[in-house]
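Encoded as structure tokens, the structure appears first; notes follow it.
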Amino acid sequence: MRKRMFSLVLCAAMMAGMVTGCGSGAATGTAGDAGAAESTGAAAEGTAATQAAGGDAGKVVNIYCWNDEFKARYDDYYASKLPDGYTVNFITTPSENNAYQNALDEALLNQESAAADDKVDMFLVEADYILKYVNSDATMDIKEIGITDDDMSKQYDYTKVIAQDTNGAQKGISWQGCPGLYIYRRSVAKEVLGTDDPAKVQEYIKDWSAFDETAAKMKDAGYFMVSGYDDTYRTFSNNVSAPWVDADLNVVIDPKMEQWVEQTEDYTAKGYNEKTKLWAPEWAAGQGPTGKVFGYFMPAWGVDFVMAGNSLEKAEADGGKQEVGNGCYGDWGATTGPESYNWGGTWICAASGTDNGEIVADIMKTICCDDETMKKIVEEKNDFVNNKTVMEDMAKSDYSSAFLGGQNPLQMYCDAAAKIDMSKISPYDQGLNEEFQNCMRDYFDGNVDYDTALQNFYTVIKEKYPELKTN
Amino acid sequence: MAGKEKNKNKVSYAKWGYIFLVPFFVIYIIFSLIPLISTFYNSLFENYRSGLTQIGPTFVGLQNFVTIFQSDLPKYFGNTLILWVLGFIPQITISLLLAIWFTDLKLRLKATGFFKTVIYLPNVIMAASFAMLFFALFSDEGPINDLLISMGILGVPFRFMSSVWGTRGLIGLMNFMMWFGNTTIMLMAAIMGVDKALFEAAEIDGAKSFQIFTKITIPTIKPIFIYVLITSLVGGLQMFDVPQVLTNGKGTPDRTSTTLIMFLNNHLYSKNYGMAGALSVILFIVTGILSLIVFSTLTGGFQHKKKAGEKK
């Protein structure tokens with residue numbers, strides 16, 4: 001009997017311990033929340049003292065994105081304007097393998113049931129899959145939150161058209177244009193071609209046959225014309241005659257895509273490339289001080305956001321600066337290259353059901369429409385902004401890019417932007433582009449023949465998009 | 001008083017036995033049985049997401065199974081088995097060797113405890129980080145290639161991730177490194193469970209080490225050996241994290257390192273619950289058959305031993 005009493009007491013003690021454990025945990029949680037609320041209040045210095053913690057519900061702006069490019073723009077050009085009492089959260093998911101889209105879809109589908117502070121307010125999309133969101137109810141017509149035609153009057157037309165749904169509602173807005181150029185290494189141009197003048201270098205790569213000849217010269221001199229298999233991809237994929245997917249959801253391999261495969265196969269066999277993979281460390285190293293690659297096809301964001309950082313001898317993380325003399329920063333030039341093309345671009349969408357429409361609209365107006373801010377973005381960040389007036393002015397100004405050895409490449413970008421046609425995109429482009437490049441690697445590596453690679457491509461896209469049909 | 005107490009005890013002991021079993025069954029039903037049944041149920045539906053639009057669920061009977069058998073399923077099954085064999089053969093060989101050395105009293109090995117810990121260590125690292133480490137080490141311009149070139153073994157970097165057997169070899173190597181410690185310890189336990197008198201008797205009868213190994217050690221540890229084999233095979237069929245991380249989820253080159261579970265994962269990426277369910281059911285059946293084999297071998301093995309004992 002005594003034994004049983006003893007065990008009962010033990011059990012009771014254990015239960016009590018668990019209960020108190022939970023209790024104290026909850027208490028700490030509450031205290032933590034209160035602390036957080038206080039610190040938010042403290043951060044928003046100057047807010048009316050009456051603003052209670054409860055009143056802040058929904059004043060959290062959630063922005064979904066896949067890297068920190070937009071966050072950098074936001075921090076530099078909008079953060080200081082954010083009204084008191086608001087908090088901005090960036091929810092970042094890398095875009096590879098559709099991971100970003102899947103995370104975003106999940107959030108958007110739960111939008112209605114989400115707590116006010118967890119609702120998606122704004123999200124970023126790329127050209128490769130913008131149509132999926134434009135033609136859905138997940139995005140709002142931005143005119144509803146106060147962006148007018150007038151605000152968007154200076155923007156490049158293709159950036160507006162791409163973000164309109166079938167009824168003409170404007171579902172997104174962009175601050176940048178992404179016409180691409182060929183960015184070459186000046187020292188190599190001088191050594192092999194005898195000149196580093198953009199206009200003269202352009203003569204050597206004015207079309208694909210000239211490009212081939214120059215590639216052979218580069219090879220003889222110990223350089224690579226392009227870095228890897230994927231580097232010329234966008235110049236072809238952006239000039240296709242029809243979208244990847246036709247009206248009946250059949251996947252169509254465009255002749256331009258076949259041309260890319262042929263060219264890359266040829267370049268690989270002849271040793272014109274270094275067999276790297278886009279974004280891989282070896283690919284990035286080719287842009288560095290010891291790189292052997294003559295040039296890269298890059299839009300403005302790629303020059304600023306990717307190449308400038310990669311070109312440094314002493315990385316920024318180690319205290320280096322983006323300045324001439326650090327690595328091969330400044331040893332680059334820009335020229336049009338064999339074909340005009342567009343690569344990427346980021347559009348901002350307002351999520352349906354947002355409870356912070358005014359903040360979303362204000363961010364859009366500031367970063368995508370305001371002349372003053374956009375001009376600063378060009379001057380300070382070398383981005384190509386989506387504002388014809390600003391760009392044409394800057395192209396004629398004495399603006400110069402230190403990274404490009406003092407060149408003013410803006411007129412070339414403007415000319416290329418005028419030629420961009422984005423009507424041949426499909427909602428499936430990200431998955432299809434990524435997997436096409438990926439599956440063709442096996443062919444270029446010599447592991448399989450072209451037909452097998454193509455078959456693998458069909459297999460993998462049917463896994464990704466079960467509704468697509470292939471032959 | 002005394003009789004009463006006795007009665008009470010009888011009743012309550014049995015009751016407590018059941019009560020202590022309840023948590024297991026509750027947890028099993030919620031977290032294993034219900035998902036298992038719903039997987040079967042889901043496999044009969046067309047159910048996926050196209051962009052932001054949900055397609056289905058529509059009942060399609062066994063259509064998903066037909067589609068999956070028409071796909072590259074045999075190829076992925078083959079890949080999985082090849083990758084498993086590549087890891088298992090060196091794993092079982094080295095483990096057996098080490099287990100015998102560690103348990104052999106004649107060798108008088110020192111610091112076996114230390115070595116046992118060291119060989120077990122790779123298993124402690126998370127498979128994903130282990131694969132990331134290998135990815136970095138064996139990349140086109142990674143340290144291994146640098147080393148091989150500076151030692152003069154290679155002229156140009158060997159592109160491990162672009163070669164079928166390079167990639168498969170790395171996966172096999174990783175699985176071997178992660179699991180041979182575990183297997184060694186299991187086999188050691190098996191060998192130590194064998195009556196020492198058997199070994200001594202064999203020695204006195206003039207048996208050589210190799211004879212003792214083939215005639216005494218192997219037959220006596222056979223049940224554990226088969227257990228190791230089948231659990232490793234079941235684990236191998238579910239191989240996922242190492243090839244997934246090493247090939248960045250692509251199963252490259254030419255999908256030759258795509259395992260069954262990576263194939264499953266690909267379907268889950270488009271939220272294709274129907275196809276994923278069907279594939280899971282197939283895997284369940286295969287694993288179930290393998291488990292039955294191990295069960296019958298183990299129980300059959302013990303019965304055989306008992307009979308042998310009786311005869312004596």
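Results for (1) within 14 Å of chain B (Cβ to nearest Cβ); (2) within 21 Å of the chain's Cα centre (by Cα), shown as yes or no for each residue.
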{"residue": "A:Arg73", "(1), (2)": "no, yes"}
{"residue": "A:Gly85", "(1), (2)": "no, no"}
{"residue": "A:Glu112", "(1), (2)": "yes, no"}
{"residue": "A:Ala116", "(1), (2)": "no, no"}
{"residue": "A:Met122", "(1), (2)": "no, yes"}
{"residue": "A:Asp128", "(1), (2)": "yes, yes"}
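Being out of contact with any Lys or Arg (no Cβ under 8 Å at 6 or more places or on another chain) and either within 14 Å of chain B (Cβ to nearest Cβ) or more than 22 Å from A:Ile367 (Cα to Cα) (or both) is the filter here, so list the residues in segment A:136-151 that pass it. Those that are out of contact with any Lys or Arg (no Cβ under 8 Å at 6 or more places or on another chain) and either within 14 Å of chain B (Cβ to nearest Cβ) or more than 22 Å from A:Ile367 (Cα to Cα) (or both): A:Ser136, A:Asp137, A:Ala138. Which of the residues spanning segment A:445-467 are more than 9 Å from chain B (Cβ to nearest Cβ) and touching a helix residue (DSSP H, G or I) at 6+ places or on another chain (Cβ under 8 Å)? A:Asp449, A:Tyr450, A:Leu454, A:Phe457, A:Ile461, listed by residue number.
Please go through segment A:262-277 and give me each residue that is over 24 Å from the mean Cα position of the chain (by Cα), part of a loop (DSSP other than H, G, I, E, B) and not aromatic (Phe, Trp, Tyr), ordered by number. Selection gives A:Gly271 alone.
Annotation note: of A:Thr195, A:Thr159, the sole residue that is under 19 Å from the mean Cα position of the chain (by Cα), under 30 Å from A:Gln411 (Cβ atoms) and not in a strand (DSSP E or B) is A:Thr159. Suppose the filter is under 27 Å from A:Arg234 (Cα atoms) and of a type in the set (D, E, K, R); does A:Asp157 pass it? Here the answer is yes, as A:Asp157 does meet what is asked. Of the residues making up segment A:427-436, those that are touching a residue at least 60 places away in the same chain (Cβ under 8 Å) and within 11 Å of chain B (Cβ to nearest Cβ) are A:Pro427, A:Tyr428, A:Gly431, A:Glu434. A:Glu358 passes every criterion in (1) crowded, with 20+ Cβ neighbours inside 10 Å; (2) not assigned by TED's automatic domain parsing to the domain that holds A:Ala199 apart from (1). Among the residues in segment A:298-307, are any within 25 Å of B:Ala136 (Cβ to Cβ) and not hydrophobic (A, V, I, L, M, F, W, C)? Looking for residues that are within 25 Å of B:Ala136 (Cβ to Cβ) and not hydrophobic (A, V, I, L, M, F, W, C), one finds at least one in segment A:298-307, hence yes.
A quick yes/no check of all residues on (1) farther than 22 Å from A:Leu181 by Cα; (2) at pLDDT below 90:
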| site | (1), (2) |
| --- | --- |
| A:Asp220 | yes, no |
| A:Asp246 | yes, yes |
| A:Trp260 | no, no |
| A:Ala280 | no, yes |
| A:Phe294 | no, no |
| A:Gly319 | yes, yes |
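Of the residues B:Leu154, B:Leu147, B:Leu137, which single one is within 14 Å of another protein chain (Cβ to nearest Cβ) and either modelled with pLDDT of 85 or more or over 27 Å from B:Gly249 (Cα atoms) (or both)? Result: B:Leu137 is the single residue among B:Leu154, B:Leu147, B:Leu137 that is within 14 Å of another protein chain (Cβ to nearest Cβ) and either modelled with pLDDT of 85 or more or over 27 Å from B:Gly249 (Cα atoms) (or both). Look at segment A:96-119: where a residue is surrounded by fewer than 16 Cβ atoms within 10 Å (Cβ to Cβ) and a partner is of a type in the set (S, T, N, Q), sitting 6+ places away or on another chain with Cβ atoms under 6 Å, you get A:Ala99/A:Thr93.
Somewhere in segment A:422-431, is a residue crowded, with 22+ Cβ neighbours inside 10 Å and β-branched (Val, Ile, Thr)? No, segment A:422-431 has no match at all. Working only within segment B:61-103, note down all residues that are under 30 Å from A:Gln430 (Cα atoms) and not in a helix (DSSP H, G or I). Selection gives B:Ser71, B:Asp72. Quick one: is B:Ile191 of a type outside the set (S, T, N, Q) and within 23 Å of the chain's Cα centre (by Cα)? When the stated conditions are applied, B:Ile191 passes them. Before we move on, is A:Gly320 in contact with a Gly (Cβ under 7 Å, 6 or more places away or on another chain), outside the structural domain of A:Val61 (by TED's automatic domain parsing) and farther than 26 Å from A:Ser80 by Cα? Answer is no for this residue. For segment B:228-249, the set of residues classified as surrounded by fewer than 21 Cβ atoms within 10 Å (Cβ to Cβ) and assigned to a loop (DSSP other than H, G, I, E, B) consists of B:Gln238, B:Phe240, B:Asn248, B:Gly249, listed by residue number. Residue check: A:Ala418 meets all listed conditions (1) within 14 Å of another protein chain (Cβ to nearest Cβ); (2) surrounded by fewer than 20 Cβ atoms within 10 Å (Cβ to Cβ); (3) among the hydrophobic types (A, V, I, L, M, F, W, C) but one, namely (1). For segment A:360-407, a residue qualifies if it is touching a Lys or Arg at 6+ places or on another chain (Cβ under 7 Å) and on the phi > 0 side of the Ramachandran plot, and exactly one does: A:Gly405.
On the basis of being on the phi < 0 side of the Ramachandran plot and without any contact (Cβ under 8 Å) to a residue 12 or more places away in the chain, does A:Ser187 make the cut? No, not satisfied.
Looking at segment B:51-67, I want the residues that are at positive phi and have a partner that is among the acidic types (Asp, Glu) and not in a loop (DSSP other than H, G, I, E, B) with Cβ atoms under 7 Å, at least 6 apart or on another chain. Which pairs are those? Once the first residue is at positive phi and sits in segment B:51-67, its partners that are among the acidic types (Asp, Glu) and not in a loop (DSSP other than H, G, I, E, B) give B:Gly56/B:Glu46.
The values are calculated or read from the model by the stated rules, or taken from the named source; none is laboratory data. All values reported here derive from a predicted model rather than from experimental measurement. Note: ideal-geometry Cβ built from the backbone for every residue, glycine included; neighbour counts use all protein chains shown.
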